[in-house]
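Notes follow once the structure below has been shown.
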Amino acid sequence: MNIKDRLAIAKGKAVGIHLLFPEVYRFPVHPSVAARKLGIHVFAEDTRLYEYFDYDLEAKRIYINSNLSRMKLRYSIALALGHVLMEHDSMYAMIPQYLEEADIFASNLTVPREMLYYRLENGASLIDLIKYFDVDKSIIISAIEDLGIIGKSWNL
């Protein structure tokens, strides 16, 4: 399977979670709720063993560094969940293709494109979007680029 197909699968898994579990489709999205619904346990740890997260694919466990900011914590859970759902062995998690797949999943889980489009069409500014989705500015900009509407006139 080529990378384009795997990226489409990663995006589809994020969309599927929103369709299967309406309680996840609330903003900001809480990836830990999605993980719990899928039988994946999330553990927050005060650790220096890893910067953001680690995971155990077989045990269906995600370990999050509890020293992260709220925003980074949520997005890190989404990234780790993407790795688990895409069945990436954790020892290979830093392979660029795996990183891209997990990021596509996390971005689409935390910033569903149809909601982003709706908010943009109703005049939301970049600051409004950051607050609403509770993600970093770079995630919002990337999602807008994904929609193909960057450059349209809207309030930055």
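The values are calculated or read from the model by the stated rules, or taken from the named source; none is laboratory data. Every value quoted in this text rests on a predicted model; they were computed, and no experiment measured them. Don't worry about glycine lacking a Cβ; one is built from the backbone with ideal geometry, like all the others, and counts go over all protein chains shown.
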Within the group Leu85, Leu49, which residue is surrounded by 20 or more Cβ atoms within 10 Å (Cβ to Cβ) and either more than 10 Å from the chain's Cα centre (by Cα) or charged (D, E, K, R) (or both)?
-> Leu85
Would you check if there is a residue in region 47-55 being touching a residue at least 60 places away in the same chain (Cβ under 8 Å) and closer than 23 Å to Tyr92 by Cα?
-> no
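One line per residue, one yes/no per condition, for (1) among the polar types (S, T, N, Q); (2) at pLDDT below 95; (3) within 28 Å of Leu129 (Cβ to Cβ):
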residue	(1), (2), (3)
Arg26	no, yes, yes
Ala34	no, no, yes
Lys37	no, no, yes
Phe53	no, yes, yes
Ser66	yes, yes, yes
Met86	no, no, yes
Asp89	no, yes, no
Leu109	no, no, yes
Counting only residues in region 45-60 that are in contact with a helix residue (DSSP H, G or I) (Cβ under 8 Å, 6 or more places away or on another chain) and not in a loop (DSSP other than H, G, I, E, B), the one farthest from Leu79 (Cα to Cα) is identified as Asp56
Any residue at all in region 67-80 that is among the β-branched types (Val, Ile, Thr) and under 20 Å from Glu100 (Cα atoms)?
-> yes
Evaluation of His41 against (1) farther than 14 Å from Leu99 by Cα; (2) crowded, with 16+ Cβ neighbours inside 10 Å; (3) not hydrophobic (A, V, I, L, M, F, W, C) (one fails), failing number = (2)
Taking region 133-150, which residues are touching a helix residue (DSSP H, G or I) at 6+ places or on another chain (Cβ under 9 Å) and either on the phi > 0 side of the Ramachandran plot or hydroxyl-bearing (Ser, Thr, Tyr) (or both)?
-> Asp134, Ser142
Evaluate region 94-106: report whether one residue or more is crowded, with 18+ Cβ neighbours inside 10 Å and free of Cβ contacts under 8 Å to residues at least 24 places away in the same chain.
-> yes
Checklist (1) in a helix (DSSP H, G or I); (2) out of contact with any Asp or Glu (no Cβ under 9 Å at 6 or more places or on another chain); (3) small (Gly, Ala, Ser) applied to Ala80, failing item = (2)
Taking region 107-129, which residues are farther than 12 Å from Phe27 by Cβ and either within 14 Å of the chain's Cα centre (by Cα) or not in a loop (DSSP other than H, G, I, E, B) (or both)?
-> Ser107, Asn108, Arg113, Glu114, Tyr117, Leu120, Glu121, Leu126, Ile127
Residue pairs within 7 Å by beta carbon, gap of at least six or interchain, first lying in region 1-13 and surrounded by 13 or more Cβ atoms within 10 Å (Cβ to Cβ), second in a helix (DSSP H, G or I) and of a type in the set (D, E, K, R), listed first then second, are Arg6/Glu101; Leu7/Glu100; Leu7/Glu101; Ala10/Glu101
Test: Ser125 is out of contact with any helix residue (DSSP H, G or I) (no Cβ under 8 Å at 6 or more places or on another chain) and more than 19 Å from Glu145 (Cα to Cα) | no
Only residues that are β-branched (Val, Ile, Thr) and under 14 Å from Ala93 (Cα atoms): list them for region 56-76, please.
-> Ile62
